[in-house]
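The block underneath contains the structure these notes are about, expressed in structure tokens.
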Amino acid sequence: NLVKVGLELETEDKSVKDENTYFVKIHAPWEVLATYADVLKIKVPFKVNDIPENKEMPMNWLSTPFRLPEHIMKPEPDYFTAPFNKSKSDFFLINDKETFFPPSTRNRIVYYILSRCSYIKEECGDKDKKGIKRLLNNGTYTSAFPLHDCRYWTRSKDANCESERYNLYKHWARFLCFFKEQPLNLIRKYYGEKIGIYFAWLGFYTEMLLFAAIVGTICFIYGLLTYDDNEWSKEICNEQIGGKIVMCPLCDKKCGYWKLNSTCNSSWQSHLFDNVGTVFFAIFMGIWVTLFLEFWKRRQARLEYEWDLVDFEEEQQQLQLRPEYETKCTNRKMNRITQEMEPYLPITSKCARICLSGATVLFWISLIIACIIGVIAYRLAVYAAFASIMKDSLTNNLEVVGPYITPQLATSVTASCINFVIIMILNLMYERVAIWITDMEIPKTHLEYENKLTVKMFLFQFVNYYSSCFYVAFFKGKFVGYPGNYAYMFGKWSKLRNEECDPGGCLIELTTQLVIVMTGKQVWGNIQEALVPWLMNWWGSRRARSHPETLYSRWEQDHDLQSFGQLGLFYEYLEMVIQFGFITLFVASFPLAPLLALINNIIEVRVDAWKLTTQFRRAVAAKAHSIGAWEEILSGVAILSVVTNAFIVAFTSDMIPRLVYMYAYHPKGEMNMKGYIKDSLSLFNISEFQPANRPDDEENPSWFNSSIDTCSYRDYRYPPGHVKQYTHTMQFWHILAAKLAFIIIMEHVVFSVKFFVAWMIPDVPSDVKARIKRERYLVQEYLHNYEVEKLKIHLLKS
């Protein structure tokens, strides 16, 4: 049937080598390519673009070191294009039929034929038995892939071969090219638009991260420069102030009384991230996200025009039924578009499958939440143990790091590491579950399949990666009660007392959590992406590597590489969108997050390029005019990030309580922070401790004696002996009102600016609109002239 369509087949018998492998090579001659280019309405050039390029920017020479050679950046001239029409082939600029259609178009056409060609004789009449995917699923063929044009490390010996794979490796996939621009047109020409647009998005995202990284680094430097102006940390570290404040135990029984100045180092560290610069950076990032999304829309619109995707509709993809859908759906109904009978899934079956799928996703999300609760219970249970063990630990005697190794730090780091391991294990398990339940839903088209899987995977990953950060940011230290009436996680019987933030605040712990999960994921992801395919390829081709190309043919070399599956790009997008969440949702706690993301992405671009060029078979070219469902997800994360950062600044950092103290509660009316630490602490009468809360005698430090009758804790409550003892003071309510007011003001300011910026910046650049209109006008004019000329010739002949 393939031969009847017009394809040329050649079979390589390799059964002598491994007893069961045959290679069927397919060549598409001009007639086939022209016929299907007409069917698929593939746009081809009919006139050289006559619209002058924009004039060079001033000081353009500064970008010279970052540029690639012109023949790499623009492998083809700029043309006006129109959908191909086989009957009017002389209308188009066809210089050489062999090279008229680029490689990505050729392999897309061949794959289109393969996916629709029947594999039984016509007289059998079973129309369902068609398509290479069915044959791959039932094991008739082991794989189907387009060939690379040469070995990546050397040019092809064939003079007619352009050796595009070699050029991509030399100018794009090597890490030493990290500062160079990406050859997007060459990527598109070799791999197709879908892969091209992913790298365009990744490159643009990385460029925009540079601005966020610079501002974040400046905010961090501001924290360093104002280190010595940190009045509250000076008070904590002062022997006469912090050294004389006795703090209430942080856990029951096993934690003793402690002096406030023992948290001296953590309060200094927390100032690096908990300062006025952080508030500015949180607002800046809310606006940066909008600029990123709006400018990406413009960049995408330009690519749509340059890559002939303006009128591209995904109808072609939507009309392509998945082989699994055809196999599993036995019912038939009339398709209103094609007017043919096609399989369909009854509505009852569809609803049942969607309900089961939704229940499975909810179960797995509940499982993550259960694991997070388990990690929290671990933190509560081991904190007392760490406090007891580290009281007389040898680490206390270490000069440099000794003061930094506290029970809080030990608990936080070990819990973060356990949490990270749980995240990675659940990830591996859920990936298979998500694919299984998406398969079970039997989506009709590949586009529908990808969108369903995208939503499931992102929902799960969102909860998996961000839940621990949400706990530290919004729950830890917020529901602890007060001495004599502590709150417990599962009630008093559990003896798991809710965690408190240390006097330095919970922000530094959120920073620790963010750094461990974010950097751990990125490092692990890059190792996994680069190392696993390399090891598998090294092992698979170990016998044949030393053979010359005459013995170890191009198709055998490519067969030994890893397959770049249909979901290959899906995982790349997922990784980047999760990272995008880290640098936007919690950026108020760690201004250096964009810098870490920038460094990772510079490596990521080259790792992805290297593995695609050297470790994977050539992917089947596919068209795509946007990044798809990911654009909506990014917009959702961007809106949520404004809310989370406003809450982090208001409730997790100490910014608002400090400002309220400075402006409203400073005893002398001065605009400084002297006396803030004492003002932010409340007193409790030690004699009122319940036996279950009172520390064991051996846990108390040597300086503790019976003359100490009160201890301090972090809250705004009336002291013992007051008429309203241990109830909240008016200052508490003032601070709460200020926090809520800050959230409302910040959200309104940032959202107003976001929507104004989005309204101000048009999605399609004006010059692109002009070019699209010019092209449509020219197509009509040239076709009209072409038809008139044809008619004249016909009349003269008759």
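Overview of results
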read-out: Matching residues, the range 610-650, being small (Gly, Ala, Ser) and closer than 25 Å to residue 589 by Cα; value: 635, 636, 638, 641, 646, 650
read-out: Filter result for residue 779 (touching a helix residue (DSSP H, G or I) at 6+ places or on another chain (Cβ under 7 Å), hydrophobic (A, V, I, L, M, F, W, C) and surrounded by 13 or more Cβ atoms within 10 Å (Cβ to Cβ)); value: no
read-out: Count of residues meeting criterion [of a type in the set (Lys, Arg) and over 18 Å from residue 776 (Cβ atoms)] in the range 69-95; value: 2
read-out: Members of the range 330-348 that are open to solvent by less than 70 Å² (accessible area, probe 1.4 Å) and either in contact with an Asp or Glu (Cβ under 7 Å, 6 or more places away or on another chain) or part of a helix (DSSP H, G or I) (or both); value: 335, 343
read-out: The lone exception for residue 216 - which of (1) open to solvent by 40 Å² or more (accessible area, probe 1.4 Å); (2) at pLDDT 90 or above it fails; value: (1)
read-out: Yes/no for residue 351 being open to solvent by 90 Å² or more (accessible area, probe 1.4 Å), part of a helix (DSSP H, G or I) and under 20 Å from residue 448 (Cα atoms); value: no
read-out: Residue in the range 588-608 that is under 27 Å from residue 114 (Cβ atoms) and open to solvent by 10 Å² or more (accessible area, probe 1.4 Å) present; value: no
read-out: Flag if residue 178 is crowded, with 16+ Cβ neighbours inside 10 Å and touching a residue at least 12 places away in the same chain (Cβ under 8 Å); value: no
read-out: Residue count, the range 149-175 (criterion: open to solvent by less than 20 Å² (accessible area, probe 1.4 Å) and part of a loop (DSSP other than H, G, I, E, B)); value: 2
read-out: Pick from the range 665-686, criterion under 18 Å from residue 713 (Cα atoms) and in a loop (DSSP other than H, G, I, E, B), ranking: least open to solvent (accessible area, probe 1.4 Å); value: 680
read-out: Residue ranges of helices (runs of 4 or more DSSP H) in the range 573-664 with at least 2 members touching a Cys at 6+ places or on another chain (Cβ under 9 Å) and touching a residue at least 40 places away in the same chain (Cβ under 8 Å); value: 593-610
read-out: Residue that is least open to solvent (accessible area, probe 1.4 Å), among those in the range 411-449 that are closer than 18 Å to residue 326 by Cβ and in a helix (DSSP H, G or I); value: 438
read-out: Residue check for residue 719: open to solvent by 40 Å² or more (accessible area, probe 1.4 Å) and in contact with a strand residue (DSSP E or B) (Cβ under 6 Å, 6 or more places away or on another chain); value: yes
read-out: Selection within the range 431-487 - within 21 Å of residue 517 (Cβ to Cβ) and acidic (Asp, Glu); value: 431
read-out: Qualifying residue in the range 687-702 (condition: farther than 30 Å from residue 88 by Cβ, in a helix (DSSP H, G or I) and open to solvent by less than 80 Å² (accessible area, probe 1.4 Å)); value: yes
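Table: residues versus (1) at pLDDT 80 or above; (2) crowded, with 17+ Cβ neighbours inside 10 Å; (3) among the basic types (Lys, Arg); (4) over 21 Å from residue 576 (Cα atoms).
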{"position": "493", "(1), (2), (3), (4)": "no, no, no, yes"}
{"position": "500", "(1), (2), (3), (4)": "no, yes, no, yes"}
{"position": "511", "(1), (2), (3), (4)": "yes, yes, no, no"}
{"position": "514", "(1), (2), (3), (4)": "yes, yes, no, no"}
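Let's see how each residue does on (1) surrounded by 15 or more Cβ atoms within 10 Å (Cβ to Cβ); (2) outside any loop (DSSP other than H, G, I, E, B):
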| site | (1), (2) |
| --- | --- |
| 706 | no, no |
| 712 | yes, yes |
| 737 | no, yes |
| 740 | no, yes |
| 744 | no, yes |
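The values are calculated or read from the model by the stated rules, or taken from the named source; none is laboratory data. Computed from a predicted model, the values in this text were never measured in an experiment. Cβ coordinates were reconstructed from backbone atoms using ideal geometry, including for glycine residues, and neighbour counts include every protein chain displayed. Surface areas here come from the heavy atoms of the whole protein model, side chains and all, with no ligands, DNA or RNA. Shrake-Rupley method; radii C 1.70, N 1.55, O 1.52, S 1.80 Å.
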